1. Of the residues that sit in the stretch C:29-64 and are touching a strand residue (DSSP E or B) at 6+ places or on another chain (Cβ under 9 Å) and assigned to a helix (DSSP H, G or I), which one is nearest to residue D:87 (Cα to Cα)?
2. Please verify whether residue B:190 is farther than 25 Å from residue B:2 by Cα and part of a helix (DSSP H, G or I), treating the condition exactly as stated.
3. Out of B:123, B:133, report the one residue that is within 15 Å of the chain's Cα centre (by Cα), in the same structural domain as residue B:161 (by TED's automatic domain parsing) and under 29 Å from residue F:170 (Cα atoms).
4. Considering every residue within the stretch A:221-230, establish whether at least one is modelled with pLDDT under 95 and either within 11 Å of another protein chain (Cβ to nearest Cβ) or touching a helix residue (DSSP H, G or I) at 6+ places or on another chain (Cβ under 6 Å) (or both).
5. Go through F:205, F:214, F:199, F:178 for me and flag whichever is under 20 Å from residue F:105 (Cβ atoms) and in a helix (DSSP H, G or I).
6. Could you list all residues from the stretch B:140-153 that are in contact with a helix residue (DSSP H, G or I) (Cβ under 9 Å, 6 or more places away or on another chain) and either on the phi > 0 side of the Ramachandran plot or loosely packed, with under 14 Cβ neighbours inside 10 Å (or both)?
7. Of the residues that make up the stretch E:63-72, is at least one under 16 Å from residue E:202 (Cα atoms), outside the structural domain of residue E:182 (by TED's automatic domain parsing) and in contact with a helix residue (DSSP H, G or I) (Cβ under 7 Å, 6 or more places away or on another chain)?
8. Run down E:196, E:217, E:202 and say which single residue is at pLDDT 95 or above, surrounded by fewer than 23 Cβ atoms within 10 Å (Cβ to Cβ) and within 21 Å of residue D:226 (Cβ to Cβ).
């Protein structure tokens, strides 16, 4: 099985990290096909960053499917262009925010999300609402650190994440925490160990759910809203 | 006052129609600055059409503000890129779907929406939910005619719209109907006359609300979610 | 255009303030027709105050429309009798709470409201829910000062409002603040300057939206729920 | 125990009917104190009828409590002035819509409501939402007959009600039906027999819940929103 | 009238307390039939405790109805097996959580709940949602004391409850507090006196509502979801 | 990996069918451990059937985990005892209703569910709400055939299912259909072929999601609500 994983921003080190996370959990028979956003912002930190990353991402998804990809994972926690991607794709398309939230709704009664910047909080809250998790998500928190600093200042990022996860546990009563940025993926295990909290990385879950849906023989419905774009 | 009205698709006749609707209601002191989407699909009929239209629209909004525009109206009923537009703009940004819905919530207790294609129905339902109108909107209906056919087959479009508005009134108990496509704007008065229903055109309302917000001395909050994009 | 603005309580100085706010933003061609509640409580601070103010208000709206008013603004943040007013009126009827909330949903992703007394908080929360803004309104706050003290102890009121708006910004992450009392209208600009927050006054916005709806050629639907009262 | 039952409209025959229904179920030790609205519309059929009935109702509730009433039932399905009544009353105040809905949520999983006029449907839907029953109430239906005609044309009313209750059962899957008008109270048993459906009359339930709350030693909280009106 | 009150856990002293509370408010003509869970956990503190208590409870309800019970009260705040109980019973079945919440929605605009253990908080929040009270319930709080300790360490329990009720009043703006455990029933009056807050005990309210519904001539609808179990 | 699949009713042929479906999609390295409900009803058709099946199911899950199972699938569409099962289990516990719904939310914008008996409709609607899919699920439909008849009268069941799936597509605009009974599992492929609709079988999806979560290294959070039952 081939699973396409697209990092919609242009930072290749983030693609490599997502690839590593994906390969760490993929089935032996799964080939992970990674890609980095073309003509995209260096990070997705707001609505216009999202918007600028989507057109090339849609083209890349089309190319990946033509090259044999059976499912797609969008490795950015804002799930940019998720509906549009499902429209152009035949296989299942997984957003790491939706996947992380779905896992959290199975593994806990109440969870919180920890993301990077304050400006991302309302956007993620909107996704929580859209994915039907308003009653299950206690709070969307942030560490007030830009996306790219998670890699460049990883020690500080780790400390801030540990503190915020513990606040989620203690103040929110969160029983699990979803990491709110693809760039936090490689910290998951260490954060779990440091806090004792069930920490969920959307990249890992989305890759496994992609395998699960392909393995179930299911593809994106082309009946109406996700029908291929009309030719005009 | 200068109000920028962007038709995010590439069909210039639709821009002209929106301009005409806007000028028909604008205050004497308001200059309407129209624009047509660059590198955009000929019509917005689905999520990927939306996605492809947004990047150039954001650039055009920036240019318009630099040229003096004090408010922006996005003349497409899917409100494509509305959050992103508010991020790059300083003045208020009005979506015609949100504006039409807000007017309908003032003028009636229950309303329906009539759009073009079936595939647009779930997308508009999502907007209804996002704008807080789930309890007020009886139903999102469609006439099953492509956007561009409203102009090219205007007689048929008119007949279908009359029939669907009457169904909204009779079957849904809709007290008002919001037209679910910018391309229906010039039919508004005739539809009102033909059906006796309060028919709301988002283009008209959005232009007037743009004037109202500018006249109130209000601009888009730059405090957090709609702050200008970070420079990276 | 003639816009009727009714202060439903019996305190004439509040009517004068609302008139001044309205005139400060009205179009040159708009005449503001002010009125003070007859046989009404001196302020609206609770559900029975609301109830007692409505019957005369309905009569005054009828009289104003007969005298030529094309739209009505109810200048009390509880939006007392809003549905009933829409029933007796032919033109659009704007509540300052609904108008302030609609503006806040355009200009920000998340906002808070600051009102006077604690007892008004649940009533306003109910309006937030009714207007579809539960997901957008972070919190309804109060300064614990009676309505009439905002005028009589304006220095204290101003200080309390500044402090509460800053708490909304800092604790709630509010990107805009809606003032929750018509009596705060003349403090809006000073509050904006003092806090740097986008502060929204419902009186100003409602007057401009009234102009906008009349300018759009729209009137209250008389189809069902807002049909004129039955003669019995 | 003394229970005050106020018919907020001015039609005395409706008061007598409510009294009869109340006395038919009241405990031996309960005295029902009936009252008819003063200066009120002949029936409550819309928002302004509601508004006009409330001021005198509030005065009558105060008088009744001074005369010894321990609880109040508002015998009109729009629950007019319910919040205001709770503010001026010390004892529990029961609305027949809320009471009927609460009973239906105990006795069935899904219910429908059958009221009089189409214009009342959105108002009652708003109450369903406010009382938290949106997920339980299948549909608010109407027989399109004015309130006063239920008495004057009782044979026709009965036939229409039977037909509508059966539609609720067959088309909505309603497991119970709440009668949406105090004036239908004396038809309840006959409707139950004719349709086999669990038919719930809010007047009866509200009177029994009034007894239940007084018997529980509970009174309206005067802590905040329902505190007695401020003296100004 | 005979009202069956089942304490679904196996601790007889809790049954005796519920019986005492019930008898303290029951009408003179009401006989309270108490029962203790057979083969049930000593207390209900979580989902599996709930599950283990239900099968025998259903059998006991059947037996009680055969012995003449006209209504059933489930005296555990998790309302375990409430839907199933309504399926096997012909008379009304009252859960003390639903009853307490319904009373709180009549007597206040905003209330909080105070339960025993943190693990019960999400379960009760789910019930709040299910009973339509999400907009009315400020917060579900706990005193972090096991159910059985309320009796064995009653002095400590009382102090913790007083403190938590006061926090609900001061931090949540709760106008009433619902006690979130049947085992707190005998503390109700003392808690009311100590805090000045309207404290609602679900056991008391449920018994009175059971009387009210039987007195209204109403029984559980057997039309669909609560039809008696199919014989297979 | 060992995945425990429990059919909570006592009908062994249904267990065999679930086993077959599971084995048809399981990874080569996955061992499916099937079990049939002990002392359970022959089918789960209502709330008391659910309740009676749970206690033994909880014991069987404990035994299965002690025997090495790393995840559990409850193969009944009512998801009976799902919260309780997560409390007693260490590994992830998947309900086929939640799994089917989660898949449908990924593969379509709008879906419907087709179950067996009318009495199951409200119960499944409650699950739809609980899993956050109210905005995505168009309608819960039924074919009015008992669970056990799907096997015994499979030809009739198939025809009824085809007709109902087509109604979901044509009347609801459903883009996918979730089968609302474990007993329909072996008809999935034929139904997909017969209707052209994306038909989702919860058994298949739940097994694959179980593999996915175990493969992600995730287990049920034991932090609060799903902590192991307290020892008393």
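1. For the stretch C:29-64, the residue satisfying everything is C:57.
2. Taking the combined requirement at face value, the residue satisfies it.
3. One residue alone meets the criteria, B:123.
4. Yes: the stretch A:221-230 contains one or more residues that are modelled with pLDDT under 95 and either within 11 Å of another protein chain (Cβ to nearest Cβ) or touching a helix residue (DSSP H, G or I) at 6+ places or on another chain (Cβ under 6 Å) (or both).
5. F:205
6. B:144
7. yes
8. E:196
The values are calculated or read from the model by the stated rules, or taken from the named source; none is laboratory data. Since the model is a prediction, treat every value here as computed from it, not as a measurement. Heads up, the Cβs are rebuilt from the backbone with ideal geometry, glycines too, and the neighbour counts pull from every protein chain shown.
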